[in-house]
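A.B. asks: I have a structure I would like to understand better, so I am pasting it below and will then ask my questions one at a time.
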Amino acid sequence: MSVAALAAPAHPAITLVSGGSIPLGAAMYPTRVAAADIDGNGTIDFVVSCRDVEGRVMIIRGSPAGGFAAPEPLVVGGQTDWVEIRDLDGDSQPDLLVTMRAGRGRLAVLRGLGGGSFAAPVEFTASRNPAGMVAADFDRDGDEDAALVNWGSASMEVWRNEGGLSFARSQLIPLQPWATAIPYPFSIAAVDVDGDGDLDLATVSIGSKSLAVSRNDGRGTFSRPRSWITPSVEGEAIAISNVIAVDIDLDGDQDLVTNGLVLNSPQRTVIWRNDGSGAFGEHTVTTGVPHGNSWTVAAGDLDADGDGDLLMGSALPGNLTIAEVDGKGGGSFVDVRTMSGGGFTRAITPVDYDRDGDLDVVTVDISSQAIFLYRNVAGGLAGGDGGGGSVPPSETPPPFDTRDPAARAEWLAQWMVGEGGIAGTTPAACGAGAGLCEEPHATPGCIRTLCCEAVCEFNPLCCEVEWDQACVDAEGELCDSFNCPSEGACGVAHIGPGCDDEQCCQFLCEFDPFCCDPSWDEVCAREAIDYCGVDACVFVPDPAVVVIGEHCYERLNEGCNVPASGAIAALCGVTFESSISSDSPRDTDWFALGQLACPRTRISFETECPILALALVGPCTGPLEVVAQLAIAPCWKGSLDLGAVAADWLVISAANVDRPFRSGFPCDEVDPNDPPPDPEDPPFVPGFFGLDYRVRFAPAPILGDINGDGHVDGIDLTALLGGWGMPGPADLDGNGIVDGLDMTALLSNWG
């Protein structure tokens, strides 16, 4: 890692002047601008995705005489974080593709009817809380597919265009399931990282501070992600929220660029340099926005010199910073200037909107509820402040946790509007990112939106000041049976919240609050089948088990998540016991497998609670890649045979294949550094399962080694012949009888 220095300007600076702003209305919180000629009159129009009280996007039409008409609302039925303008059905009319960011996530298509009008949206059910999206032809069949990242379910999903404006989800890929923090993926880019001619996918996740790349096999199917954790600068971890692809150093391959949010100004920009094979181990941390919080990036050749210049947006204040790039100089910045804007520059779109042959810039400001225009012209760089080079920092105290850049980025990502339903139907303090409803916290609102609404209607201070013990007491009175029972079988996904089995419904609405706000989705249905009605179990003490000395209120053995916390050295023939808690931040346990010395390792598990076990390869600096995984249900046993896979880590966390857990496993020990504040507080309410698991590392049995001596030989053959035609230990294929198939299996491993 290096910190780049600024070179002296080599040629005239990029020239932008303020083109004014277009207000969208008091209820509109814009998130992204897509630009194209949607009505066929030869001018550039804008479609603006919005977090809006009435579920609308805004259309701003360009005029042939110059300028733009007043914004027109278009109802799409939900708040949106992303919009693309594409011809999705090959009829030469631009269509719209949007992500519905509410908890009940949807991908929606609006067919273009000509003249800039659109049909009603056709919706496809996506995973929880879609955020960023990209549209491209991933499978090379000539039409535009889509890929998006899901904030709420820590995943990326790929949607194949099947023609006729019909989309089918082809893949759902978890992102950073090994992370301590909930990953919160936010941005996605399509880029050919390995030069094979097809488009791969790059994503960034705010919570895990990581970049991930998934390779395209050429047919639109993507590999498991390889992840790189962001570097640190001056001892501080960098949070990232947005990613773009650009060959910044003109070496013929596509690099990746992300913002770099740190707690103190000046902010940073992270350049992830492609080594030519699609790996991004080399980072360059360079200058970013001078004030506020670095949030977004974009690229375009603004000075027509053949390289991609960078545009960087900030929050609080919401300015635009322009970095002129010298591609022939390795991607160094030769000039950096800042123009004033609004309060929070959420997204940047380079586009020649005045049709004069050079790239202009359009930004959306979610705080000012407007879009800002910057024209590329001859002359000096000038902004709304008259000079554009000296923008004072905001004096408004930040209303977020200042101890962690990722926490700040997560707060900014959820700006203004709750996650549930259409924007504005719930108090802004309610929803994802707020604290647990059953625990006091110093911020207003809580995560279960419907419960939060009920409590705040009873006691408005809970959504205006803080969620104190009085709010928790009201939660106990008002929310125990909220949405339970409701219409719909618990084992089947349905649109409404809750399900018809009251006990299962109440259990899952605590264990997975999403199931009672906003809908009982496929994940809820699977969890109902796996967990409802399961009896709790408790381990019997075993003196042969090595108990790891970690309390559930501690975060030790976090491996690559917190390198200073260390990892547990796995030992062949040893059974370890530890505990898991899903409070924030989540607890993970990392076992280092480098000195294991077990041939063809079998890792066996038994657990009191649901856990996800992941085998990873790679160093902490990246790339980290999951090569095997196993989800174990509570009070069940399971095993993972690594075989010839040379894994470096085993990671265990409270999770399943669908989601990382963030509730349902409260720590059952009193933290001496944070004891209960008042003896009159309500008693501790235990979780639904225990917190302990056991894991054993041992040599994997060899097929045909009936007597377990590590060899397949004549002794095993004699045992097989002695059991011929009967069930028994020589039934190697498990078909209930020792026969010729077992003989073949034994002989195949002879010696």
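The values are calculated or read from the model by the stated rules, or taken from the named source; none is laboratory data. In this text the structure is predicted, and so the values were computed from the model without any measurement. Positions of Cβ are backbone-derived with ideal geometry, glycine not excepted, and every protein chain shown enters the neighbour counts. Note: areas computed on protein heavy atoms with side chains; ligands, DNA, RNA excluded. Shrake-Rupley method; radii C 1.70, N 1.55, O 1.52, S 1.80 Å.
A.B. asks: Give me the percent of accessible area attributable to carbon and sulfur for the chain, probe 1.4 angstrom.
C.D. replies: Carbon and sulfur together cover 54 percent of it.
A.B. asks: Same structure again: Nearest 0.05, what FRET efficiency do Arg169 and His711 give at R0 = 56 Å with Cβ-Cβ as r?
C.D. replies: 0.70
A.B. asks: Just how large is the dipole of the chain about the Cα centre, in debye to the nearest 20, putting +1 at every Lys and Arg Cβ and -1 at every Asp and Glu Cβ?
C.D. replies: 960 debye
A.B. asks: In whole angstrom, and with the biggest value first, how far do the Cα coordinates of segment 656-737 range along each principal axis?
C.D. replies: Here the spans come out as 71, 24, 22 Å, largest first.
A.B. asks: In square angstrom, what is the accessible area per residue of the chain with a 1.4 angstrom probe?
C.D. replies: About 38 Å² of surface per residue is accessible.
A.B. asks: Oh, and also: Quick one: if you stick a label point 7 Å off each Cα along the C-beta vector at Ala119 and Asp352, how many nm between them?
C.D. replies: Those two pseudo-labels are separated by 3.3 nm.
A.B. asks: Another question, if that's okay. Determine the dipole magnitude for segment 266-353: charges of +1 sit on the beta-carbon of Lys and Arg, -1 on that of Asp and Glu, nothing else is charged, the reference point is the Cα centre, and the result goes in debye to the nearest 20.
C.D. replies: 480 debye
A.B. asks: Order 73-85, 34-46, 210-222 from most to least packed using the mean count of other Cβ atoms within 10 Å.
C.D. replies: Per-residue Cβ counts within 10 Å, averaged per peptide and sorted highest first, yield 73-85, 210-222, 34-46.
A.B. asks: Using the Cα centre of the chain as origin and beta-carbon charges of +1 (Lys, Arg) and -1 (Asp, Glu), tell me which of Thr601, Thr99, Asn483 is placed farthest towards the positive end of the dipole.
C.D. replies: The residue sitting most towards the positive pole is Thr99.
A.B. asks: Around Ala126, which amide H atoms from residues at least 5 apart in sequence, or from another chain, sit under 5 Å from its own amide H, with H modelled in the peptide plane?
C.D. replies: Gly105, Arg106, Leu107
A.B. asks: Could you tell me which of Pro727, Trp590, Gly704 has its Cα farthest along the dipole of the chain towards the positive end, charges placed at Cβ (Lys, Arg +1; Asp, Glu -1), taken about the Cα centre?
C.D. replies: Of the options given, the answer is Trp590.
A.B. asks: Moving to a separate point now. Under the rule a/c < 1.5 gives rounded, and otherwise a/b versus b/c splits prolate from oblate, where does segment 549-693 land using the Cα gyration tensor?
C.D. replies: The shape class here is prolate.
A.B. asks: Still on this structure, please answer the following. Pick out, from Ala434, Ala745, Asn264, the residue whose Cα sits farthest towards the positive end of the charge dipole of the chain, with +1 on the Cβ of Lys and Arg and -1 on the Cβ of Asp and Glu.
C.D. replies: The listed residue farthest towards the positive side: Asn264.
A.B. asks: Whenever you get a sec, line up Tyr693, Tyr553, Tyr184 from highest to lowest accessible area (probe 1.4 Å, protein heavy atoms).
C.D. replies: Tyr553, Tyr184, Tyr693
A.B. asks: Hey, can you rank 278-284, 666-672, 54-60 by average C-beta count inside 10 Å, highest first?
C.D. replies: Result, highest mean first: 54-60, 278-284, 666-672.
A.B. asks: Rounded to the nearest 500 deg cm²/dmol, what is the calculated helix-only ellipticity per residue at 222 nm for the chain, with -39500 (n - 2.57) per DSSP H run of length n ≥ 4?
C.D. replies: It lands at -2500 deg cm²/dmol.
A.B. asks: At a 10 angstrom cut-off on C-beta neighbours, averaged per residue, how do the peptides 646-657, 325-336 rank from highest to lowest?
C.D. replies: 646-657, 325-336
A.B. asks: If the only charges are +1 at each Lys and Arg Cβ and -1 at each Asp and Glu Cβ, what is the size of the charge dipole of segment 483-573 around the Cα centre, to the nearest 20 debye?
C.D. replies: Value, rounded to 20: 400 debye.
A.B. asks: Pull out a ≥ b ≥ c, the square roots of the eigenvalues of the alpha-carbon gyration tensor of segment 163-258, then state rounded if a/c is under 1.5, prolate if not and a/b is larger than b/c, and oblate in the remaining case.
C.D. replies: oblate
A.B. asks: Please report the base-10 log of the normalised intensity I(q)/I(0) for the chain, using a Debye sum with one equal scatterer per alpha carbon and no solvent, at each q in 0.06, 0.08, 0.09 (1/Å).
C.D. replies: -0.40, -0.69, -0.86
A.B. asks: Okay, moving on. Compute the whole-percent fraction of alpha carbon pairs in segment 6-140 spaced more than 21 Å apart.
C.D. replies: Value for segment 6-140 (Cα pairs over 21 Å): 46 percent.
A.B. asks: If you don't mind, there's one more thing I want to ask. Determine, from the Cβ-Cβ distance of Val546 and Ala237 and an R0 of 41 Å, the FRET efficiency 1/(1 + (r/R0)^6), rounded to the nearest 0.05.
C.D. replies: 0.80
A.B. asks: Using a 4.7 Å Cβ cut-off, which Cys residues in the chain lack a partner cysteine?
C.D. replies: So, Cys50, Cys609.
A.B. asks: Got a sec to turn the phi values of segment 605-617 into Karplus ³J(HN,Hα) couplings, 6.51 cos²θ - 1.76 cosθ + 1.60 with θ = phi - 60°, whole Hz, x for Gly and Pro?
C.D. replies: Per residue, the Karplus-derived 3J(HN,Hα) values read 10, 9, 8, 7, 9, x, 9, 10, 9, 10, 9, 10, 10 Hz.
A.B. asks: Quick one: angle between helix 522-531 and the longest Cα principal axis of the chain, in degrees between 0 and 90, rounded to 10, please.
C.D. replies: Here the helix axis deviates by roughly 20 degrees.
A.B. asks: Helix 449-458 versus the longest principal axis of the chain: what angle, 0 to 90°, nearest 10, using Cα atoms?
C.D. replies: Computed tilt is about 70 degrees.
A.B. asks: Just to confirm the number: angle between the C-alpha axis of helix 502-511 and the first principal axis of the chain, 0 to 90 degrees, nearest 10?
C.D. replies: 70 degrees
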